[in-house]
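So the structure is just underneath, and the comments pick up after that.
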Amino acid sequence: MDTKTIDRRDRLARDRTHLANERTMLAYSRTGLAFAVSGAFLIKFFPSKYLMLLAFTTILVGIILFTYGIVRYIKLRREIDAI
């Protein structure tokens, strides 16, 4: 095989890996946002003491998921670039 072909394949594989990493980060962001919005919905429309605990827990889980997705994306991007 030609080294030019191998270099192109490696570059394309790296690009696909970057795109997959971005899709994963967007999925974490979307899920985190959905959890946070669900918690806000519970607070707004069901002002019960018991549901408030569930709502705040749901918002906290959403924030944690969103933050984890961004941190994971940055970490993996650095690892991919190092290869």
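The values are calculated or read from the model by the stated rules, or taken from the named source; none is laboratory data. Because the structure is a prediction, the values reported are computed rather than measured. Cβ: placed from backbone, ideal geometry, glycine included. Neighbour counts: every protein chain shown.
In the set L42, L65, which member is free of Cβ contacts under 8 Å to residues at least 40 places away in the same chain, part of a helix (DSSP H, G or I), in contact with a Leu (Cβ under 6 Å, 6 or more places away or on another chain) and at negative phi? Break it down stepwise before answering.
Details: L65 fails: in contact with a Leu (Cβ under 6 Å, 6 or more places away or on another chain).
Just a single option satisfies the conditions, and that option is L42.
All but one of (1) under 30 Å from I83 (Cβ atoms); (2) in contact with a helix residue (DSSP H, G or I) (Cβ under 9 Å, 6 or more places away or on another chain); (3) at pLDDT below 95 hold for M25, so report the exception by its number.
Result: M25 fails condition (3) only.
In the list A20, A36, A55, which residue meets the criterion of being closer than 22 Å to D81 by Cβ and in a helix (DSSP H, G or I)? Outline the logic, then answer.
On the way: A36 fails: closer than 22 Å to D81 by Cβ; A55 fails: closer than 22 Å to D81 by Cβ.
Unique residue meeting the criteria: A20.
Taking into account only those residues within the stretch 45-83 that are surrounded by fewer than 13 Cβ atoms within 10 Å (Cβ to Cβ) and among the basic types (K, R), which is farthest from S29 (Cα to Cα)?
K49
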